[in-house]
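Here the structure is laid out as C-alpha coordinates; the discussion comes afterwards.
The values are calculated or read from the model by the stated rules, or taken from the named source; none is laboratory data. Given the structure is predicted, the values throughout are model-derived calculations rather than measurements. All Cβ positions, even for glycine, are placed from backbone atoms using ideal geometry, and neighbour counts span all protein chains on display. Remember, those area values only see protein heavy atoms, side chains included, never the ligands or the DNA or RNA. Shrake-Rupley method; radii C 1.70, N 1.55, O 1.52, S 1.80 Å.
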Amino acid sequence: MNEISRLKTQIVSRFSIGGFQIRSEASQFLAQQIHPLDEAERKKWITNVANHVQGQNLALPIVERKHIELAIKEANNTGLDDTESVFSVISAFEAPAFVYCEEKKKFLPDSSKRSLLAAPDAKSHYIRERYWLHWQKTCRHEMFARRVALGADETASKSKLVLRKAENLLSTSKMNDVVLLGLLTQLTEGKFYLEDPTGAIPIDLSDAIYSAGLFCEGCFVLAYGKYRDGTLKIEEIGFPPPEMSSSSRAFFGSINSWGGTSQTLLKYSRNLSELEKANADSSIVFVSDCWLDVPEVMAKLSQLLKGYDDFPPVAIILMGPFAKVNENVYTLKSLFQKLGEILTNCEKLKTQTDLVLVPSCDDPAAANILPRTPIPDVLAEELKKRYPRTILTTNPCRLQYCTQQIVVCRADLVTKLCRNTINFPKQGHLEDHFSRTLINQGTLAPLTPVAFPTHWNYDAALSLYPLPDLIVIGDPCQGFQTTEQECTVMNVGSFPKSKFAFKVYYPCNRSIEDSQIPDEE
(Lines give C-alpha, C1' and ligand atoms only; values in the text may rest on other atoms or scores of the structure.)
Protein backbone atom coordinates (compact mmCIF):
# COMPACT_ATOMS: atom_id res chain seq x y z
CA MET A 1 0.00 0.00 0.00
CA ASN A 2 1.52 3.38 -1.04
CA GLU A 3 1.53 6.44 1.19
CA ILE A 4 -1.51 8.14 -0.45
CA SER A 5 -3.60 4.96 -0.14
CA ARG A 6 -2.63 4.63 3.52
CA LEU A 7 -3.67 8.24 4.17
CA LYS A 8 -6.98 7.68 2.38
CA THR A 9 -7.71 4.74 4.70
CA GLN A 10 -7.03 6.94 7.75
CA ILE A 11 -9.27 9.69 6.36
CA VAL A 12 -12.17 7.30 5.60
CA SER A 13 -11.88 5.81 9.09
CA ARG A 14 -11.91 9.22 10.80
CA PHE A 15 -14.95 10.43 8.84
CA SER A 16 -16.78 7.14 9.53
CA ILE A 17 -16.43 7.76 13.26
CA GLY A 18 -18.33 11.02 12.74
CA GLY A 19 -21.06 9.24 10.77
CA PHE A 20 -19.93 10.47 7.31
CA GLN A 21 -19.25 8.66 4.08
CA ILE A 22 -16.48 10.41 2.16
CA ARG A 23 -16.24 10.15 -1.61
CA SER A 24 -13.08 8.62 -3.08
CA GLU A 25 -12.26 11.85 -4.96
CA ALA A 26 -12.60 13.87 -1.74
CA SER A 27 -10.39 11.54 0.32
CA GLN A 28 -7.80 11.47 -2.50
CA PHE A 29 -7.74 15.29 -2.56
CA LEU A 30 -7.29 15.59 1.22
CA ALA A 31 -4.60 12.90 1.20
CA GLN A 32 -2.65 14.81 -1.46
CA GLN A 33 -2.94 18.06 0.50
CA ILE A 34 -1.55 16.61 3.75
CA HIS A 35 0.97 14.23 2.20
CA PRO A 36 3.97 16.68 2.49
CA LEU A 37 3.40 17.05 6.28
CA ASP A 38 4.86 14.88 9.03
CA GLU A 39 2.75 12.17 10.73
CA ALA A 40 1.68 14.31 13.71
CA GLU A 41 0.59 17.22 11.48
CA ARG A 42 -1.34 14.84 9.21
CA LYS A 43 -3.43 13.48 12.09
CA LYS A 44 -4.04 17.00 13.35
CA TRP A 45 -5.25 18.16 9.91
CA ILE A 46 -7.52 15.14 9.38
CA THR A 47 -9.22 15.83 12.71
CA ASN A 48 -9.42 19.56 12.06
CA VAL A 49 -10.94 19.15 8.57
CA ALA A 50 -13.42 16.54 9.83
CA ASN A 51 -14.58 18.92 12.57
CA HIS A 52 -15.08 21.73 10.04
CA VAL A 53 -17.06 19.43 7.75
CA GLN A 54 -19.28 18.49 10.69
CA GLY A 55 -19.93 22.18 11.27
CA GLN A 56 -21.18 22.62 7.69
CA ASN A 57 -24.51 20.88 8.57
CA LEU A 58 -24.68 18.83 5.36
CA ALA A 59 -28.12 17.76 4.12
CA LEU A 60 -26.79 14.21 3.57
CA PRO A 61 -23.91 12.49 5.41
CA ILE A 62 -21.92 12.26 2.16
CA VAL A 63 -18.74 14.32 1.91
CA GLU A 64 -17.80 15.68 -1.53
CA ARG A 65 -14.55 17.35 -2.59
CA LYS A 66 -16.16 20.80 -2.39
CA HIS A 67 -16.89 20.19 1.29
CA ILE A 68 -13.23 19.29 1.91
CA GLU A 69 -12.01 22.40 0.03
CA LEU A 70 -14.29 24.64 2.12
CA ALA A 71 -13.19 22.92 5.33
CA ILE A 72 -9.49 23.42 4.49
CA LYS A 73 -10.13 27.08 3.75
CA GLU A 74 -11.97 27.51 7.03
CA ALA A 75 -9.21 25.67 8.90
CA ASN A 76 -6.58 27.98 7.38
CA ASN A 77 -8.63 31.05 8.24
CA THR A 78 -9.63 30.05 11.75
CA GLY A 79 -10.97 33.06 13.62
CA LEU A 80 -11.71 35.08 10.48
CA ASP A 81 -15.10 36.26 9.24
CA ASP A 82 -16.47 35.16 5.86
CA THR A 83 -15.28 38.36 4.18
CA GLU A 84 -11.82 38.27 5.76
CA SER A 85 -9.21 36.51 3.65
CA VAL A 86 -5.52 36.14 4.44
CA PHE A 87 -4.38 36.83 0.87
CA SER A 88 -6.28 38.12 -2.15
CA VAL A 89 -5.54 39.61 -5.56
CA ILE A 90 -7.69 42.47 -6.85
CA SER A 91 -7.89 43.09 -10.60
CA ALA A 92 -7.31 46.60 -11.90
CA PHE A 93 -10.73 46.49 -13.53
CA GLU A 94 -12.32 45.75 -10.14
CA ALA A 95 -10.60 48.59 -8.27
CA PRO A 96 -13.30 50.93 -6.89
CA ALA A 97 -13.58 54.44 -8.33
CA PHE A 98 -14.55 57.53 -6.33
CA VAL A 99 -15.44 61.16 -7.03
CA TYR A 100 -14.90 64.03 -4.63
CA CYS A 101 -18.06 65.79 -3.45
CA GLU A 102 -17.21 69.42 -2.69
CA GLU A 103 -20.48 69.92 -0.82
CA LYS A 104 -20.03 66.95 1.55
CA LYS A 105 -16.23 67.26 1.70
CA LYS A 106 -15.78 63.53 1.15
CA PHE A 107 -15.28 60.91 -1.55
CA LEU A 108 -18.32 59.06 -2.87
CA PRO A 109 -18.43 55.90 -5.01
CA ASP A 110 -18.49 56.58 -8.75
CA SER A 111 -21.57 54.77 -10.02
CA SER A 112 -21.00 55.53 -13.72
CA LYS A 113 -20.50 52.61 -16.07
CA ARG A 114 -16.95 52.04 -17.28
CA SER A 115 -15.62 50.38 -20.41
CA LEU A 116 -12.35 50.23 -22.35
CA LEU A 117 -13.96 52.24 -25.16
CA ALA A 118 -14.16 55.56 -23.36
CA ALA A 119 -16.37 58.48 -24.32
CA PRO A 120 -14.60 61.68 -25.45
CA ASP A 121 -15.27 63.45 -22.15
CA ALA A 122 -13.65 60.64 -20.13
CA LYS A 123 -10.21 62.22 -20.49
CA SER A 124 -11.24 65.56 -19.00
CA HIS A 125 -13.21 63.72 -16.29
CA TYR A 126 -10.29 61.72 -14.89
CA ILE A 127 -7.94 64.72 -15.01
CA ARG A 128 -10.54 66.87 -13.26
CA GLU A 129 -10.99 64.24 -10.53
CA ARG A 130 -7.22 64.14 -10.01
CA TYR A 131 -7.29 67.91 -9.60
CA TRP A 132 -10.03 67.80 -6.95
CA LEU A 133 -8.13 65.10 -5.10
CA HIS A 134 -5.10 67.39 -4.84
CA TRP A 135 -7.20 70.48 -4.16
CA GLN A 136 -8.99 69.05 -1.13
CA LYS A 137 -5.85 67.70 0.56
CA THR A 138 -3.87 70.86 -0.23
CA CYS A 139 -6.57 73.04 1.30
CA ARG A 140 -6.35 70.97 4.49
CA HIS A 141 -2.58 71.33 4.71
CA GLU A 142 -1.25 73.52 7.52
CA MET A 143 0.23 76.00 4.99
CA PHE A 144 -3.24 76.89 3.73
CA ALA A 145 -5.78 75.88 6.39
CA ARG A 146 -7.34 78.80 8.27
CA ARG A 147 -8.64 77.63 11.62
CA VAL A 148 -8.78 80.36 14.26
CA ALA A 149 -10.78 80.02 17.46
CA LEU A 150 -12.94 82.92 18.62
CA GLY A 151 -10.91 85.43 20.57
CA ALA A 152 -7.59 83.96 19.40
CA ASP A 153 -4.77 85.91 17.77
CA GLU A 154 -5.46 86.04 14.03
CA THR A 155 -1.92 87.10 13.07
CA ALA A 156 -0.85 83.54 12.36
CA SER A 157 -3.98 82.92 10.30
CA LYS A 158 -3.38 86.00 8.14
CA SER A 159 0.14 84.80 7.36
CA LYS A 160 -1.22 81.64 5.78
CA LEU A 161 -0.82 81.27 2.02
CA VAL A 162 -3.91 81.66 -0.16
CA LEU A 163 -4.53 78.94 -2.74
CA ARG A 164 -5.71 80.53 -6.00
CA LYS A 165 -7.49 79.29 -9.09
CA ALA A 166 -6.76 80.30 -12.66
CA GLU A 167 -9.90 82.43 -12.91
CA ASN A 168 -8.60 84.65 -10.07
CA LEU A 169 -5.56 85.56 -12.17
CA LEU A 170 -7.42 85.90 -15.45
CA SER A 171 -9.60 88.60 -13.90
CA THR A 172 -6.63 90.89 -13.12
CA SER A 173 -3.40 92.08 -14.73
CA LYS A 174 -1.18 92.03 -11.63
CA MET A 175 -0.96 89.93 -8.47
CA ASN A 176 1.85 89.19 -6.00
CA ASP A 177 2.40 86.10 -3.83
CA VAL A 178 0.37 83.87 -6.09
CA VAL A 179 0.05 80.17 -5.16
CA LEU A 180 -1.57 78.19 -7.94
CA LEU A 181 -2.40 74.49 -8.12
CA GLY A 182 -2.62 73.19 -11.64
CA LEU A 183 -1.76 70.64 -14.32
CA LEU A 184 1.62 71.21 -15.94
CA THR A 185 0.94 71.09 -19.66
CA GLN A 186 1.96 72.47 -23.08
CA LEU A 187 -1.05 73.94 -24.83
CA THR A 188 1.25 75.34 -27.51
CA GLU A 189 4.56 73.91 -28.66
CA GLY A 190 7.40 74.80 -26.29
CA LYS A 191 5.17 76.91 -23.99
CA PHE A 192 4.17 75.59 -20.56
CA TYR A 193 0.87 76.38 -18.85
CA LEU A 194 -0.76 75.64 -15.53
CA GLU A 195 -4.32 74.48 -16.10
CA ASP A 196 -7.21 73.91 -13.68
CA PRO A 197 -10.99 73.56 -14.21
CA THR A 198 -11.38 77.36 -14.39
CA GLY A 199 -8.76 78.16 -17.02
CA ALA A 200 -5.11 78.02 -18.11
CA ILE A 201 -2.27 80.39 -17.22
CA PRO A 202 0.98 80.75 -19.24
CA ILE A 203 4.02 80.31 -16.97
CA ASP A 204 7.68 81.32 -17.02
CA LEU A 205 9.97 78.68 -15.51
CA SER A 206 13.32 80.28 -16.41
CA ASP A 207 14.20 81.26 -12.81
CA ALA A 208 12.11 78.70 -10.94
CA ILE A 209 13.53 76.78 -7.98
CA TYR A 210 12.34 73.19 -8.01
CA SER A 211 11.60 71.09 -4.94
CA ALA A 212 12.56 67.40 -4.85
CA GLY A 213 10.87 65.21 -7.44
CA LEU A 214 10.66 64.53 -11.16
CA PHE A 215 8.51 67.22 -12.82
CA CYS A 216 6.90 66.04 -16.04
CA GLU A 217 4.21 67.31 -18.34
CA GLY A 218 0.99 65.78 -17.06
CA CYS A 219 1.73 66.09 -13.33
CA PHE A 220 0.07 68.49 -10.87
CA VAL A 221 2.20 71.19 -9.25
CA LEU A 222 2.01 73.98 -6.71
CA ALA A 223 3.60 77.13 -8.11
CA TYR A 224 4.53 80.31 -6.22
CA GLY A 225 5.33 83.56 -8.01
CA LYS A 226 4.17 86.89 -9.44
CA TYR A 227 1.49 87.36 -12.07
CA ARG A 228 2.26 90.09 -14.60
CA ASP A 229 0.54 90.86 -17.92
CA GLY A 230 -0.93 87.44 -18.52
CA THR A 231 2.05 85.35 -17.40
CA LEU A 232 2.87 83.77 -14.04
CA LYS A 233 6.58 84.26 -13.30
CA ILE A 234 7.30 81.25 -11.11
CA GLU A 235 9.84 81.62 -8.29
CA GLU A 236 9.29 78.25 -6.59
CA ILE A 237 7.59 75.11 -7.84
CA GLY A 238 6.78 71.89 -6.00
CA PHE A 239 4.32 69.04 -5.80
CA PRO A 240 1.02 69.09 -3.90
CA PRO A 241 1.68 68.02 -0.29
CA PRO A 242 1.54 64.31 0.55
CA GLU A 243 -0.91 62.95 3.07
CA MET A 244 -0.70 60.00 5.45
CA SER A 245 -3.07 57.19 4.48
CA SER A 246 -4.72 57.27 7.91
CA SER A 247 -5.74 60.91 7.27
CA SER A 248 -6.91 60.24 3.71
CA ARG A 249 -9.10 57.28 4.64
CA ALA A 250 -11.15 59.48 6.98
CA PHE A 251 -12.69 61.13 3.89
CA PHE A 252 -13.99 57.84 2.47
CA GLY A 253 -16.22 57.00 5.42
CA SER A 254 -16.71 53.34 6.31
CA ILE A 255 -16.72 52.12 2.70
CA ASN A 256 -14.02 49.78 1.38
CA SER A 257 -11.77 52.13 -0.60
CA TRP A 258 -9.25 49.40 -1.49
CA GLY A 259 -11.39 46.83 -3.27
CA GLY A 260 -12.12 43.14 -2.84
CA THR A 261 -15.18 41.24 -1.65
CA SER A 262 -15.38 42.75 1.83
CA GLN A 263 -17.82 45.60 2.42
CA THR A 264 -15.50 47.09 5.05
CA LEU A 265 -11.84 47.97 4.83
CA LEU A 266 -9.74 44.99 5.97
CA LYS A 267 -7.05 47.42 7.05
CA TYR A 268 -8.94 47.74 10.34
CA SER A 269 -9.59 44.00 10.88
CA ARG A 270 -8.51 42.97 14.37
CA ASN A 271 -8.49 39.29 13.40
CA LEU A 272 -6.20 39.87 10.43
CA SER A 273 -3.95 42.17 12.44
CA GLU A 274 -3.42 39.49 15.08
CA LEU A 275 -2.83 36.86 12.41
CA GLU A 276 -0.28 39.10 10.70
CA LYS A 277 1.65 39.57 13.96
CA ALA A 278 1.52 35.87 14.78
CA ASN A 279 3.12 34.94 11.43
CA ALA A 280 6.35 36.92 11.59
CA ASP A 281 8.07 34.68 9.02
CA SER A 282 5.39 35.06 6.35
CA SER A 283 6.82 36.57 3.18
CA ILE A 284 5.94 37.59 -0.38
CA VAL A 285 8.51 37.08 -3.14
CA PHE A 286 8.76 39.46 -6.14
CA VAL A 287 10.57 38.62 -9.39
CA SER A 288 10.53 40.80 -12.53
CA ASP A 289 11.48 40.12 -16.17
CA CYS A 290 10.83 36.37 -16.04
CA TRP A 291 12.12 35.47 -19.52
CA LEU A 292 10.97 31.86 -19.75
CA ASP A 293 12.43 31.51 -23.26
CA VAL A 294 15.97 32.02 -21.95
CA PRO A 295 17.29 28.68 -20.62
CA GLU A 296 19.47 30.29 -17.94
CA VAL A 297 16.52 32.31 -16.61
CA MET A 298 14.30 29.23 -16.52
CA ALA A 299 17.04 27.31 -14.69
CA LYS A 300 17.42 30.07 -12.08
CA LEU A 301 13.64 30.29 -11.61
CA SER A 302 13.59 26.55 -11.09
CA GLN A 303 16.32 26.94 -8.47
CA LEU A 304 14.31 29.70 -6.75
CA LEU A 305 11.05 27.72 -6.69
CA LYS A 306 12.64 24.51 -5.45
CA GLY A 307 14.52 26.46 -2.79
CA TYR A 308 11.32 28.00 -1.46
CA ASP A 309 9.58 24.60 -1.38
CA ASP A 310 11.15 24.04 2.05
CA PHE A 311 9.97 27.44 3.37
CA PRO A 312 6.82 28.33 1.38
CA PRO A 313 6.01 32.06 1.21
CA VAL A 314 2.46 33.43 1.14
CA ALA A 315 2.82 34.22 -2.56
CA ILE A 316 5.36 34.40 -5.37
CA ILE A 317 4.73 37.30 -7.75
CA LEU A 318 6.22 36.76 -11.21
CA MET A 319 6.23 39.83 -13.45
CA GLY A 320 6.68 39.84 -17.22
CA PRO A 321 7.68 40.03 -19.90
CA PHE A 322 7.55 36.25 -19.86
CA ALA A 323 9.53 35.97 -23.09
CA LYS A 324 12.55 37.97 -24.21
CA VAL A 325 11.53 37.52 -27.84
CA ASN A 326 7.82 37.42 -28.74
CA GLU A 327 7.86 36.15 -32.30
CA ASN A 328 5.06 33.62 -31.83
CA VAL A 329 2.35 34.05 -29.21
CA TYR A 330 1.85 30.32 -28.76
CA THR A 331 5.48 29.64 -27.84
CA LEU A 332 4.51 31.12 -24.47
CA LYS A 333 2.06 28.25 -23.98
CA SER A 334 4.85 25.65 -24.02
CA LEU A 335 7.00 27.87 -21.77
CA PHE A 336 4.27 28.07 -19.13
CA GLN A 337 3.88 24.31 -19.43
CA LYS A 338 7.59 23.89 -18.60
CA LEU A 339 7.15 26.18 -15.61
CA GLY A 340 4.23 24.01 -14.49
CA GLU A 341 6.38 20.89 -14.77
CA ILE A 342 8.92 22.46 -12.41
CA LEU A 343 6.20 23.40 -9.92
CA THR A 344 4.67 19.91 -10.02
CA ASN A 345 7.49 18.67 -7.82
CA CYS A 346 7.15 21.51 -5.28
CA GLU A 347 4.75 19.79 -2.89
CA LYS A 348 4.68 22.37 -0.09
CA LEU A 349 4.35 25.30 -2.49
CA LYS A 350 1.31 23.64 -4.07
CA THR A 351 -0.55 23.62 -0.75
CA GLN A 352 0.61 26.91 0.78
CA THR A 353 1.74 29.41 -1.89
CA ASP A 354 -0.16 31.40 -4.52
CA LEU A 355 1.63 32.01 -7.83
CA VAL A 356 0.60 35.39 -9.26
CA LEU A 357 1.47 36.27 -12.87
CA VAL A 358 1.55 40.02 -13.64
CA PRO A 359 1.99 40.73 -17.37
CA SER A 360 4.04 43.54 -18.88
CA CYS A 361 2.99 45.67 -21.83
CA ASP A 362 5.40 43.59 -23.95
CA ASP A 363 3.52 40.36 -23.31
CA PRO A 364 1.13 39.13 -26.02
CA ALA A 365 -2.59 39.63 -26.53
CA ALA A 366 -2.94 43.18 -25.19
CA ALA A 367 -2.16 46.69 -26.37
CA ASN A 368 0.63 48.84 -24.93
CA ILE A 369 -1.67 50.61 -22.49
CA LEU A 370 -2.42 50.36 -18.76
CA PRO A 371 -4.26 48.81 -17.11
CA ARG A 372 -3.77 45.73 -19.28
CA THR A 373 -5.65 42.46 -19.17
CA PRO A 374 -4.15 39.25 -17.71
CA ILE A 375 -2.22 36.65 -19.68
CA PRO A 376 -4.90 34.76 -21.69
CA ASP A 377 -6.13 31.54 -20.06
CA VAL A 378 -5.44 29.58 -23.24
CA LEU A 379 -1.70 30.27 -22.87
CA ALA A 380 -1.47 29.31 -19.20
CA GLU A 381 -4.03 26.48 -18.98
CA GLU A 382 -1.36 23.76 -18.64
CA LEU A 383 0.37 25.72 -15.87
CA LYS A 384 -2.93 26.09 -14.01
CA LYS A 385 -3.62 22.36 -14.31
CA ARG A 386 -0.25 21.50 -12.79
CA TYR A 387 -0.34 24.31 -10.25
CA PRO A 388 -3.97 25.14 -9.36
CA ARG A 389 -2.95 28.06 -7.14
CA THR A 390 -1.89 30.06 -10.21
CA ILE A 391 -3.56 33.48 -10.45
CA LEU A 392 -3.55 35.39 -13.75
CA THR A 393 -4.09 39.04 -12.99
CA THR A 394 -3.95 42.50 -14.52
CA ASN A 395 -1.16 45.06 -14.68
CA PRO A 396 -1.31 46.89 -12.33
CA CYS A 397 -3.02 44.86 -9.63
CA ARG A 398 -3.68 45.17 -5.90
CA LEU A 399 -2.73 42.61 -3.26
CA GLN A 400 -4.18 42.30 0.21
CA TYR A 401 -2.25 40.27 2.77
CA CYS A 402 -3.94 40.46 6.19
CA THR A 403 -4.05 44.24 6.78
CA GLN A 404 -1.31 45.04 4.25
CA GLN A 405 -2.24 46.90 1.06
CA ILE A 406 0.17 46.39 -1.85
CA VAL A 407 0.14 47.82 -5.39
CA VAL A 408 2.10 45.96 -8.07
CA CYS A 409 2.90 47.51 -11.47
CA ARG A 410 5.18 46.11 -14.16
CA ALA A 411 6.15 49.18 -16.17
CA ASP A 412 9.28 51.15 -17.03
CA LEU A 413 8.11 53.92 -14.72
CA VAL A 414 11.50 55.10 -13.50
CA THR A 415 12.80 55.20 -17.06
CA LYS A 416 9.77 57.07 -18.40
CA LEU A 417 9.76 59.69 -15.62
CA CYS A 418 13.49 60.35 -16.05
CA ARG A 419 13.09 60.59 -19.82
CA ASN A 420 10.23 63.11 -19.62
CA THR A 421 11.26 65.26 -16.65
CA ILE A 422 11.90 68.96 -17.31
CA ASN A 423 14.30 69.31 -14.35
CA PHE A 424 16.51 66.28 -13.96
CA PRO A 425 17.72 66.65 -10.33
CA LYS A 426 21.39 67.52 -9.85
CA GLN A 427 21.49 66.33 -6.24
CA GLY A 428 19.98 63.52 -4.22
CA HIS A 429 19.30 59.86 -4.84
CA LEU A 430 17.15 59.13 -7.87
CA GLU A 431 15.01 56.65 -5.91
CA ASP A 432 14.05 59.40 -3.43
CA HIS A 433 12.97 61.74 -6.25
CA PHE A 434 11.03 58.92 -7.91
CA SER A 435 9.20 57.80 -4.78
CA ARG A 436 8.38 61.40 -3.84
CA THR A 437 6.84 61.89 -7.29
CA LEU A 438 4.55 58.86 -7.00
CA ILE A 439 3.54 59.55 -3.39
CA ASN A 440 2.84 63.27 -3.86
CA GLN A 441 1.07 62.78 -7.20
CA GLY A 442 -1.05 59.93 -5.83
CA THR A 443 -0.95 57.94 -9.07
CA LEU A 444 1.18 55.45 -10.97
CA ALA A 445 0.87 57.60 -14.09
CA PRO A 446 1.91 61.24 -13.40
CA LEU A 447 2.52 61.75 -17.14
CA THR A 448 0.56 62.67 -20.23
CA PRO A 449 -1.26 59.78 -21.98
CA VAL A 450 1.10 60.32 -24.94
CA ALA A 451 4.15 59.43 -22.82
CA PHE A 452 2.36 56.82 -20.71
CA PRO A 453 -0.83 55.51 -22.38
CA THR A 454 -3.66 54.70 -19.96
CA HIS A 455 -7.34 53.80 -20.21
CA TRP A 456 -9.18 56.99 -19.24
CA ASN A 457 -12.11 55.12 -17.71
CA TYR A 458 -9.83 53.11 -15.42
CA ASP A 459 -7.67 55.81 -13.92
CA ALA A 460 -8.84 54.60 -10.49
CA ALA A 461 -6.81 51.42 -11.04
CA LEU A 462 -3.65 53.57 -11.12
CA SER A 463 -4.57 55.59 -8.04
CA LEU A 464 -2.28 55.63 -4.99
CA TYR A 465 -4.71 57.59 -2.80
CA PRO A 466 -5.05 56.74 0.02
CA LEU A 467 -1.45 55.56 0.06
CA PRO A 468 -0.93 51.77 0.25
CA ASP A 469 1.64 50.15 2.53
CA LEU A 470 3.84 49.06 -0.36
CA ILE A 471 4.23 50.12 -3.99
CA VAL A 472 6.06 47.53 -6.09
CA ILE A 473 7.47 48.64 -9.45
CA GLY A 474 9.01 46.32 -12.03
CA ASP A 475 11.46 48.56 -13.87
CA PRO A 476 14.62 47.13 -15.51
CA CYS A 477 16.82 49.72 -13.77
CA GLN A 478 18.69 48.87 -10.57
CA GLY A 479 16.49 47.72 -7.69
CA PHE A 480 15.90 49.95 -4.67
CA GLN A 481 13.53 50.62 -1.80
CA THR A 482 12.71 53.78 0.12
CA THR A 483 9.99 54.83 2.56
CA GLU A 484 8.08 58.11 2.85
CA GLN A 485 4.79 58.94 4.57
CA GLU A 486 4.78 55.36 5.94
CA CYS A 487 4.58 54.06 2.36
CA THR A 488 7.43 51.97 0.96
CA VAL A 489 8.29 52.28 -2.73
CA MET A 490 10.26 49.33 -4.09
CA ASN A 491 11.69 48.63 -7.51
CA VAL A 492 12.32 44.93 -8.02
CA GLY A 493 14.82 45.39 -10.87
CA SER A 494 15.36 42.94 -13.71
CA PHE A 495 15.92 39.30 -12.69
CA PRO A 496 18.22 38.48 -15.66
CA LYS A 497 20.02 41.84 -15.84
CA SER A 498 20.82 41.97 -12.11
CA LYS A 499 22.50 38.55 -12.02
CA PHE A 500 19.23 36.99 -10.82
CA ALA A 501 18.37 39.27 -7.91
CA PHE A 502 14.85 39.54 -6.49
CA LYS A 503 13.05 41.05 -3.50
CA VAL A 504 11.35 39.45 -0.49
CA TYR A 505 8.83 41.43 1.58
CA TYR A 506 8.01 40.54 5.20
CA PRO A 507 4.61 42.12 6.01
CA CYS A 508 4.84 41.62 9.80
CA ASN A 509 7.65 44.17 10.23
CA ARG A 510 7.38 45.71 6.73
CA SER A 511 10.99 44.89 5.93
CA ILE A 512 12.51 44.06 2.52
CA GLU A 513 15.25 41.54 1.92
CA ASP A 514 17.52 41.72 -1.12
CA SER A 515 18.02 38.18 -2.41
CA GLN A 516 19.92 36.59 -5.26
CA ILE A 517 20.26 33.15 -6.83
CA PRO A 518 23.89 32.12 -6.31
CA ASP A 519 26.07 31.00 -9.20
CA GLU A 520 26.55 27.27 -9.40
CA GLU A 521 30.06 26.21 -8.46
Exercise for review: Mind pulling the angle between the C-alpha long axis of helix 331-344 and the longest principal axis of the chain? Nearest 10 degrees, somewhere in 0 to 90.
Suggested key: 50 degrees
Practice item. Beta carbons within 10 angstrom, averaged per residue: use that to sort the peptides 100-106, 456-462, 499-505, highest first. Key: 456-462, 499-505, 100-106
Check your understanding: Nearest 20 debye, what's the magnitude of the dipole of the chain about its Cα centre given +1 on Lys and Arg Cβ and -1 on Asp and Glu Cβ?
Key -> 940 debye
Check your understanding: Heavy-atom accessible area of GLU41 with all protein chains present, probe 1.4 Å, nearest 10 Å²?
Key -> 70 Å²
Point to revise | q = 0.17, 0.20, 0.22 Å⁻¹, the range 197-284: log10 I(q)/I(0) [Debye, one scatterer per Cα] | key: -0.85, -1.00, -1.11
Review point. Listed highest first by mean packing, meaning other Cβ atoms within 10 Å per residue, what order do 182-194, 402-414, 204-216 come in?
Key: 402-414, 204-216, 182-194
Practice item. Sum -39500 (n - 2.57) across every DSSP H segment of at least 4 residues in the chain, then divide by the residue count to get the 222 nm mean residue ellipticity, nearest 500. Key: -9000 deg cm²/dmol
Practice item. Calculate, for ASP310 and LYS338, the FRET efficiency according to 1/(1 + (r/R0)^6) with r their C-beta to C-beta distance and R0 22 Å; round to the nearest 0.05. Key: 0.50
Practice item. Using per-residue counts of other Cβ atoms within 10 Å, averaged over each peptide, order 487-498, 437-448, 362-373 from highest down. Key: 437-448, 487-498, 362-373
Check your understanding: Roughly what % of DSSP beta bridges within the chain run antiparallel, to the nearest 5?
Key -> 65 percent
Practice item. Starting from one equal scatterer on each C-alpha and no solvent at all, send me the Debye-based log10 I(q)/I(0) for the chain at q = 0.08, 0.12 Å⁻¹, two decimals. Key: -0.59, -1.15
Practice item. With a 1.4 Å probe and every protein chain left in place, work out the accessible area per residue of the range 177-299 in Å², rounded to a whole number. Key: 42 Å²
Practice item. Enter the mean projected area of the convex hull around the alpha-carbon atoms of the range 239-353, in nm², rounded to one decimal. Key: 11.4 nm²
Check your understanding: If you roll a 1.4 Å probe over the heavy atoms of the protein chains, what accessible area per residue do you get for the range 445-518, in Å²?
Key -> 34 Å²
Check your understanding: Any idea what the relative contact order of the chain is, in percent, if you count C-alpha pairs under 8 Å spaced at least 6 apart?
Key -> 15 percent
Review point. Taking Cα atoms, how many degrees apart are the long axis of helix 24-34 and the longest axis of the chain, rounded to 10 and kept between 0 and 90?
Key: 60 degrees
Study note, to complete from the structure: Summed over the other residues with a beta carbon less than 15 angstrom from that of ILE127, with K and R at +1 and D and E at -1, the charge totals -4
Review point. What ³J(HN,Hα) values, in whole Hz, does the Karplus curve 6.51 cos²θ - 1.76 cosθ + 1.60 give for the range 365-381 when θ = phi - 60°, with x put for Gly and Pro?
Key: 6, 8, 6, 7, 7, 10, x, 10, 6, x, 4, x, 4, 4, 7, 10, 5
Study note, to complete from the structure: Carbon plus sulfur, as percent of the 1.4 Å-probe accessible area of the chain, comes to 49 percent
